[in-house]
Amino acid sequence: MIRKLSGERPVFVLDTDSTTYAFSVMETGQLEHLYYGAKITVEKPEDLVALTEKRAFQQGNSIAYDQEHLSFTLEDVCLEMSGYGKGDIREPFIEIIAADGSATTDFVYASDEIKKGKEALKDLPSSHDDTGSVEGLHVTLKDNNHGYELVLSYYVFEKENVITKTARFVNATAERVILTRLMSNQLDLNEAGLTISCFRGAWIKEMQMTDTVLKAGKFVNSSFTGSSSNRANPFIMVSRPGTTEYQGDCFGFNLVYSGNHYEAAEVNAYDKTRIVSGINPTQFRFIINPGEEFQAPEAVLTFSREGHNGMSQNMHAFVNEHIVAGEWSKKARPVLLNSWEANYFDINEGKLVALAKKGKEAGVELFVMDDGWFGQRSDDKRALGDWYVNTKKLPHGVKGLAEKINAIGLDFGIWIEPEMVNVDSDLYRNHPEWSIEIPGKRHSEGRNQRILDFANPQVVDHMIESMKNVISSGNIAYVKWDMNRIFSDVYSQSLDAEHQGEVFHRYILGFYRLARTLTEAFPKVLFEGCASGGNRFDLGALCYFPQIWASDDTDAVARLAIQNGYSYGYPMSTVSAHVSNVPNHQTLRKTKIDTRFAVAAFGVLGYECNLSDMKKEDLSAIKEQITLYKRFRETMQYGAFYRKRYDNVVEWSVVSKDQKQAVCMVFQKQVHPNSQFLSVHPVGLDPKKKYRFYGRESALDIRTFGDLINAAVPIHVKQGSLLHNVISKFVQPKGDNEDYTAYGDALMNGGIGLKPAFSSTGFDMDGSVRVMGDFEARMYFMEEV
């Protein structure tokens, strides 16, 4: 609900189910931020007077806003937006260069409008509302110096406890202006010492959570890669001292944008913290002619008194309900088999069909042909941009292969990388001017490829037609959209010198136009985003791609931190995770196949194995895994996700919407000797429902115990010998299957004590001891009795 309270000056109150956001118009015309936090009662403007900052005299060498208000300095007030030149020296919301060369802005309140409904943004993806319940507040500010207009828009998503914000700059003057910064969000808090949590990393080690307590100075989380990047995700958290997973005040911030982003928190001399987020201003320089405007991306804010988990629940609900759209927004995602790690570039129709048949036997629903099917694509040095089928590899074309895959009983998917081009390609030879590069200068390449100039509408038009031809060339049900490098030597050959500061943003607008056009043209196709894994995992991409490949790292241990990081801001229905072979291709680590499944199941499950070469027992295990996943798929993909702990033992759980079903995973990184006790603490169950808590039935491999077997048999058995292997086929001790019944409140508050861990002595064959090694996981299930 949005309310404008009448009084001496307007006061605006934005309420969700559990939060309140309030600001007012000051006597000088600026917008003063009053409050954002747990829901409070506000009936009239006077109810907020206690929250306002009181002023009585001019502060030392600070700048007074004007001679009529000598006690008022913009440097020491919480504001909804601010710029340089009138005394506020903190991170600005906006920066411009006027026609006369000046840079001061002085935006003050002009008008406001409250409207029902969520409006789409021009050329940019944004949140949507299918219920018609969302309200929007649009406040227009006018610059006293030049007459520019700035429209601040706020949208309230009551049920999800989310407020989104955006800004639109309008050049309402007769002269052009250069825009060098426009943020989407500014939140000023009258406190310091907050913890900033961000999610940094690199290729195959995305979303590593780091905490910084900010008592003074500035903290920046940003990307200058041309994409949202795996170096610094645009999602951040800000929490007050003492906040934990389930208690304390936590703010969450994200940006519906896939390009260079910027999140900064700054504590000034008066212990006020300013948080801004938006397009990265580095090398951003947009010329706005008279009558033109610039639209900033949409920022997402949420707050919870229930710690990180409460904030995550808000974000997850918002993304599922108001970001992911279209045919697949609520639909169960298929279990897929991808050809990449099985074949890399060495593919042909025979190999792919044989692999797909093995996938069908295991229960896979979708087969995906990855890179290597087009042009002269034998490695990553050639053919990107030549989107015609390689008939030597696929003699019956994409159509013929799709028909054979469909005949097996599987849907068919395909890999594309429409934003890239190799120098060794027909496309580049015909159109070198379509590449982002500085003509006549040496170019620094990434992955042996260059980036197509999507700032040039002609290039986007060409790729729209090329991709339409590809996707319509057969019965394609799924598209994996890759993007395998970051930007270098940024220069558009379609723009003149003074517009080169617009290339980064114009590129992203071109990417969005391509994605929007293709997803609208093929509404039933499931599009999965990918950018060397998590190099473009953001809310902007999720508006078109319901799921995104979280990382090129499929190692179960590495994936713990990666998927745990994503879970703070993104629901599991958006996170793709695959089971792959061991030794793992990224780390060479070996983990058990059930451990790999346990981690990958907490997301959109897929497989990236060469099933054609796999051992019979592993194929059997995969078949059981897929059957199990399908049984719990709705809960795994769309249930409420909870992080219980993350240290040597990692515990995750998901609970169905009706609280009748839950799945928990316990992952042990390393065995600690003589540490027998381990308990599981479910979260989110119905306290009054009775549940059966149980694990998967399993048997132990006697070879796990090495030559300890000699303590239990009358003859000597050499470790790794033929006899040892033969015994393992016939002697299979029971695994530690747990099976109990209890009420939800007992399970959540008391926890489930698991069977004691093996500690050198005490093992028997009846499953009464838990044998759980390094890098090993267990899955447990709870179902209403």
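The values are calculated or read from the model by the stated rules, or taken from the named source; none is laboratory data. Note that the structure is predicted; figures quoted are calculated from it, not measured. Neighbour counts are summed over all protein chains in view; Cβ atoms, including those assigned to glycine, are modelled from backbone coordinates with ideal geometry. SASA here: full protein model, heavy atoms, side chains in, ligands and nucleic acids out. Shrake-Rupley method; radii C 1.70, N 1.55, O 1.52, S 1.80 Å.
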Karplus-derived 3J(HN,Hα) from phi for the stretch 23-38 (6.51 cos²θ - 1.76 cosθ + 1.60, θ = phi - 60°), whole Hz, x at Gly and Pro, runs 8, 9, 8, 7, 4, 8, x, 6, 9, 8, 6, 9, 6, 8, x, 4
Filtered trypsin sites (Lys or Arg not before Pro), the stretch 715-769: DSSP coil and at most 12 other beta carbons within 10 Å: 718
For the stretch 363-491, the dipole about the Cα centre with charges only on Cβ (Lys and Arg +1, Asp and Glu -1), to the nearest 20 debye, works out at 320
Taking a virtual spin label 7 Å from the Cα of residue 89 along the C-beta vector, which residues in the stretch 37-79 bring their backbone nitrogen under 16 Å of it? 59-65, 73-77
Sorted by packing (mean other beta-carbon atoms within 10 Å per residue), highest first, where do 504-516, 341-353, 594-606 land? 594-606, 504-516, 341-353
So between residue 784 and residue 671, what do we pick up on full extension, going 0.36 nm a residue minus the alpha carbon distance? 37.4 nm
Per DSSP H run of n ≥ 4, the term is -39500 (n - 2.57); total these for the chain, divide by its residue number, and report the mean residue ellipticity at 222 nm rounded to 500 deg cm²/dmol. -6000 deg cm²/dmol
Karplus-derived 3J(HN,Hα), 6.51/-1.76/1.60, for each residue of the stretch 486-502, Hz, glycine and proline x: 9, 7, 8, 6, 6, 6, 9, 6, 9, 10, 7, 4, 6, 9, 5, x, 9
Debye-sum result for the stretch 431-542 in log10 I(q)/I(0), which assumes one identical scatterer on each alpha carbon, at q = 0.10 Å⁻¹: -0.32
On the formula 1/(1 + (r/R0)^6), with r taken between the Cβ atoms of residue 376 and residue 697 and R0 of 35 Å, the FRET efficiency rounded to 0.05 is 0.10
Determine Rg/Rh for the stretch 627-742; Rg is computed over alpha-carbon atoms and Rh is the Kirkwood hydrodynamic estimate from the same atoms. 1.09
May I ask you to derive the FRET efficiency for residue 590 and residue 472 from their Cβ-Cβ distance with R0 = 25 Å, giving the value to the nearest 0.05? 0.05
Dipole check, the chain, charges on Cβ (K,R +1; D,E -1), about Cα centroid: among 6, 241, 389 the Cα furthest to the positive pole belongs to 389
Sort all Cα-Cα distances of the stretch 80-159 into consecutive 5 angstrom bins from zero, then give the percent of pairs in each bin up to the one containing the longest distance. 3, 13, 20, 18, 16, 13, 10, 5, 2, 0
Which parts of the stretch 756-785 would a label at residue 631 reach, counting a residue when its backbone N lies under 15 Å from a point 7 Å out along Cα-to-Cβ? 779-785
Quick check: the distance between the Cα centres of the stretch 480-528 and the stretch 248-275, to the nearest angstrom? 26
Given 0.36 nm per residue, what is the gain on full extension from residue 764 to residue 489 after removing their alpha carbon distance, in nm? 92.5 nm
Arrange the peptides 400-407, 176-183 so that the one whose residues have, on average, the most other Cβ atoms within 10 Å appears first. 176-183, 400-407
Residue-wise, which Karplus ³J(HN,Hα) couplings in Hz belong to the stretch 411-427, taking 6.51 cos²θ - 1.76 cosθ + 1.60, θ = phi - 60°, and x for glycine or proline? 6, 10, x, 9, 9, 9, 9, x, 8, 10, 8, 8, 4, 7, 8, 5, 4
What order do you get for 306-312, 357-363 when each peptide is scored by the mean count of other beta carbon atoms within 10 Å, highest first? 306-312, 357-363
In Å and on Cα atoms, what radius of gyration and Dmax does the stretch 87-219 show? 18.2, 50
How far apart, in nm, are the 7 Å Cα→Cβ label points at residue 119 and residue 465? 3.5
Positive end of the charge dipole of the stretch 121-205 (Lys, Arg +1 and Asp, Glu -1 on Cβ, about the Cα centre): tell me which of 152, 203, 187 has its Cα farthest that way. 203
Debye, to nearest 20: dipole size of the stretch 468-578, +1 on Lys, Arg Cβ, -1 on Asp, Glu Cβ: 420
Rounded to the nearest Å, the spacing of the alpha-carbon centers of the stretch 630-647 and the stretch 372-391 is 39
Using a Förster distance of 41 Å, the FRET efficiency for residue 61-residue 438 (Cβ separation, nearest 0.05): 0.35
Considering only 676, 277, 252, whose Cα is most displaced toward the positive end of the charge dipole of the chain, charges sitting on Cβ of Lys, Arg (+1) and Asp, Glu (-1)? 676
In whole Å, what is the distance between the alpha-carbon centres of the stretch 689-703 and the stretch 417-449? 54
Can you give the charge dipole size of the chain about its Cα centre, rounded to the nearest 20 debye, using +1 on the beta carbon of Lys and Arg and -1 on the beta carbon of Asp and Glu? 2640
Please report the accessible area of residue 768 (heavy atoms, 1.4 Å probe, ligands and nucleic acids excluded) in Å², nearest 10. 40
Separation between the residue 202 and residue 3 pseudo-spin-labels, each 7 Å from Cα along Cα→Cβ, expressed in nm? 5.3
Stretched fully, the stretch from residue 39 through residue 445 gains (0.36 nm per residue minus C-alpha distance, one decimal, in nm) 141.0 nm
At q = 0.06, 0.11 Å⁻¹, what is the base-10 log of I(q)/I(0) for the chain according to the Debye formula with one equal point scatterer per Cα and no solvent? Please give it to two decimals. -0.42, -1.24
